[in-house]
Amino acid sequence: MNIYNRLLEIIRIKGAVYLVLLDPDNLQEDKLVIFTKHCEKCGVDGFLIGGSLLINDNLEYFLKKLKSITSLPTIIFPGDVNQISPQADAILYLSVVSGRNPEHLIGKHVLAAPIIRKCGIEPIATGYLLIESGRTTTAQYMSGSLPIPRNKPEIAAATALAAEYLGMKLIYLEAGSGADNPIPNEMVKAVTTLCSVPVIVGGGIKTPGIAKEKVVNGAKIIVTGNFFEDETHWDLIRGFAEAVHINSPLLV
């Protein structure tokens, strides 16, 4: 079963998927094993790996180490063309459809496509929408794209639908790493009502309650990232997983 179909199967069984984003620059090797095993034990469904910048150039080693620890899906969340590795199971083939920068709509993809094919990893076409979150995020700055205003759910919904019609398999609503505010529930609802492909929501999700709100409003994949770079938050991972897995008998 490929990774995309595996995600669909988790959605069917659990109601939604919970992924944790790992940034190789920010998670030290001595903590990787402990954190990964803790995530597995708490019900995390898989890992996204990447960041807008990878200063230490250790993606290959990081993924190889991660794959030796876990059998959960490892999916690259690329910030640039150099963030591709055969060690991963799949890669989100991101097109920043919310912006008008051609490099991030199609330019980088032309460069990346032959590399992905050579690596033999699964590309998952993903329409990526940057949403205003209260601050200028790294993703916004690096992509040179204006985010969609958070009070304009109709723009996000129409953009997401266009991405689906272009053949995207996933829609990613991104508030950005360290966002002050998560994606508004009204926007999540507007997008998921109009689109038939699974919608990912990430950025600014700092409590299980917020995560559950996004799922209740139609999100099928929830991503948390730098919130767990603070070890004092690790005890909340199980709560996030249970909040996202709305079909879980534990929640009845």
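On the given criteria, is Ile171 closer than 26 Å to Cys42 by Cβ, at pLDDT 95 or above, within 16 Å of the chain's Cα centre (by Cα) and not in a loop (DSSP other than H, G, I, E, B)? The answer is no for Ile171. Restricting region 188-223 to residues that are of a type in the set (D, E, K, R) and closer than 17 Å to Pro153 by Cα leaves a set whose member that is surrounded by the fewest Cβ atoms within 10 Å (Cβ to Cβ) is Lys189. In region 174-203, which residue that is among the hydrophobic types (A, V, I, L, M, F, W, C) and not in a helix (DSSP H, G or I) is nearest to Arg135 (Cα to Cα)? So, considering only residues that are among the hydrophobic types (A, V, I, L, M, F, W, C) and not in a helix (DSSP H, G or I), the one nearest to Arg135 (Cα to Cα) is Ala179. In region 140-149 there is at least one residue matching the filter, namely being assigned to a loop (DSSP other than H, G, I, E, B), modelled with pLDDT under 95 and surrounded by fewer than 17 Cβ atoms within 10 Å (Cβ to Cβ).
Entry remark, region 47-88: residues being closer than 25 Å to Thr232 by Cα, outside any loop (DSSP other than H, G, I, E, B) and in contact with a helix residue (DSSP H, G or I) (Cβ under 8 Å, 6 or more places away or on another chain) number 7 in total. Could you please let me know if Pro123 is outside any loop (DSSP other than H, G, I, E, B) and touching a helix residue (DSSP H, G or I) at 6+ places or on another chain (Cβ under 9 Å)? Considered against the rule, which asks whether it is outside any loop (DSSP other than H, G, I, E, B) and touching a helix residue (DSSP H, G or I) at 6+ places or on another chain (Cβ under 9 Å), Pro123 comes out as yes. Screening region 15-46 for residues that are part of a loop (DSSP other than H, G, I, E, B) and out of contact with any helix residue (DSSP H, G or I) (no Cβ under 8 Å at 6 or more places or on another chain) and picking the one that is surrounded by the most Cβ atoms within 10 Å (Cβ to Cβ) gives Asp25.
Summed over region 89-102, the residues that are exposed (fewer than 15 other Cβ atoms within 10 Å of the Cβ) and not in a loop (DSSP other than H, G, I, E, B) give a count of 1.
Taken over region 159-173, the residue count meeting the criterion of being touching a helix residue (DSSP H, G or I) at 6+ places or on another chain (Cβ under 8 Å) and surrounded by fewer than 23 Cβ atoms within 10 Å (Cβ to Cβ) is 2.
The values are calculated or read from the model by the stated rules, or taken from the named source; none is laboratory data. If you're wondering where the values come from, they're calculated on a predicted model, not measured in any experiment. When we count neighbours, we look across all protein chains shown, and the Cβ atoms used for this are built from the backbone with ideal geometry, even at glycine.
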